[in-house]
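Enquirer: Could you have a look at this structure, given as structure tokens, before my questions?
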Amino acid sequence: MTTEMIELSLSLSLRFLSLMTSFSIFFLTTSPDELSLALEKARVPYEFNFAFITAIRFVPVLAEEAQSILDAQRARGLEIERGSFLARLRNYIPVLLPLIVNSIRRSLELAEAMESRGFGASKRRTNLYELRMKGGDYIVLIISATLLCASIYLKLSGFSTGPILPPTRIL
């Protein structure tokens with residue numbers, strides 16, 4: 001283990017941590033409705049917008065459902081953490097099958113609800129409220145742009161000598 005390896009490990013860990021923190025803060029502070037309006041304002045096609053927002057909304061539902069199925073299977077005596085890696089993988093099948101079946105059922109119900117409400121029937125859409133930038137939004141935008149410009153300047157001026165991406169080796 002060399003000093004370069006430790007520095008690279010720390011650098012990649014900090015990058016990953018900052019990325020995860022950024023996404024967590026973004027999704028904790030932004031409602032799906034606001035994100036949908038922002039995507040619509042950015043001229044993202046509505047079908048993609050709807051699919052993305054629906055996926056975001058179903059992640060907590062699927063996680064909760066997976067946990068309840070897992071608890072039910074454990075109550076029946078299923079030991080997931082026992083055995084070899086392949087045995088543990090096979091132990092998850094009784095959890096995944098009901099989860100997949102329920103997800104398909106839920107998607108069919110969603111498709112029926114969308115069809116009954118006329119999804120895609122009209123090209124012109126209306127919204128309950130309009131998205132407007134406020135003072136805090138401008139402050140965050142200015143700070144973000146400043147940090148981006150500063151990091152690009154530092155990289156191009158030679159202050160940061162490390163690689164943007166870690167070197168790759170073919171084994």
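The values are calculated or read from the model by the stated rules, or taken from the named source; none is laboratory data. The structure presented is a predicted model; accordingly, all values stated were derived computationally and were not measured. A quick note on method: Cβ atoms are made from the backbone with ideal geometry, for glycine too, and the neighbour counts reach across all protein chains shown.
Enquirer: Taking Phe23 as meeting all but one of (1) within 14 Å of the chain's Cα centre (by Cα); (2) surrounded by 12 or more Cβ atoms within 10 Å (Cβ to Cβ), write down the number of the exception.
Expert: (2)
Enquirer: Condition first: within 28 Å of Thr126 (Cβ to Cβ), modelled with pLDDT under 90 and among the hydroxyl-bearing types (Ser, Thr, Tyr). Now tell me which residues in the stretch 9-63 satisfy that.
Expert: Correct list: Thr29, Thr30, Ser31, Ser36, Tyr46.
Enquirer: Could you check Ile6 against (1) under 24 Å from Arg124 (Cβ atoms); (2) surrounded by fewer than 11 Cβ atoms within 10 Å (Cβ to Cβ); (3) β-branched (Val, Ile, Thr) and say which number it fails?
Expert: With (1) under 24 Å from Arg124 (Cβ atoms); (2) surrounded by fewer than 11 Cβ atoms within 10 Å (Cβ to Cβ); (3) β-branched (Val, Ile, Thr) applied to Ile6, the lone miss is (1).
Enquirer: Moving on to the next point. Could you give me the residue pairs with C-beta distances under 7 Å whose first residue belongs to the stretch 115-131 and is at negative phi, whose second residue is surrounded by 10 or more Cβ atoms within 10 Å (Cβ to Cβ) wherever it lies, and which are 6+ apart or on separate chains?
Expert: Arg125/Tyr46; Asn127/Leu37; Leu131/Glu34; Leu131/Leu37; Leu131/Ala38; Leu131/Lys41
Enquirer: Can I ask one more? So in the stretch 110-145, with the set limited to residues that are closer than 18 Å to Leu39 by Cβ and among the hydroxyl-bearing types (Ser, Thr, Tyr), which one is surrounded by the fewest Cβ atoms within 10 Å (Cβ to Cβ)?
Expert: The residue in question is Thr126.
Enquirer: Given the residues Ile143, Ile139, Ile104, which is the only one that is of a type in the set (A, V, I, L, M, F, W, C), at pLDDT 90 or above and within 23 Å of the chain's Cα centre (by Cα)?
Expert: One residue alone meets the criteria, Ile104.
Enquirer: May I ask you to list the residues in the stretch 69-86 that are on the phi < 0 side of the Ramachandran plot and either surrounded by 12 or more Cβ atoms within 10 Å (Cβ to Cβ) or touching a residue at least 60 places away in the same chain (Cβ under 8 Å) (or both)? Let's see the steps before the verdict.
Expert: Our first condition is that a residue be on the phi < 0 side of the Ramachandran plot; within the stretch 69-86, this holds for 69-76, 78-82, 84-86.
Matches in the stretch 69-86: Ile69, Leu70, Ala72, Gln73, Arg74, Leu78, Ile80.
Enquirer: Still on this structure: Scan the stretch 152-164 for residues that are modelled with pLDDT of 75 or more and within 25 Å of the chain's Cα centre (by Cα) and jot them down. Give the steps one after another, and end with the answer.
Expert: As a first pass, look at the stretch 152-164 and keep what is modelled with pLDDT of 75 or more: 152-157.
Residues satisfying the conditions do not exist here.
Enquirer: Need a quick list: helices (runs of 4 or more DSSP H) entirely within the stretch 1-107 having at least 2 residues that are outside the structural domain of Asn127 (by TED's automatic domain parsing).
Expert: 3-29
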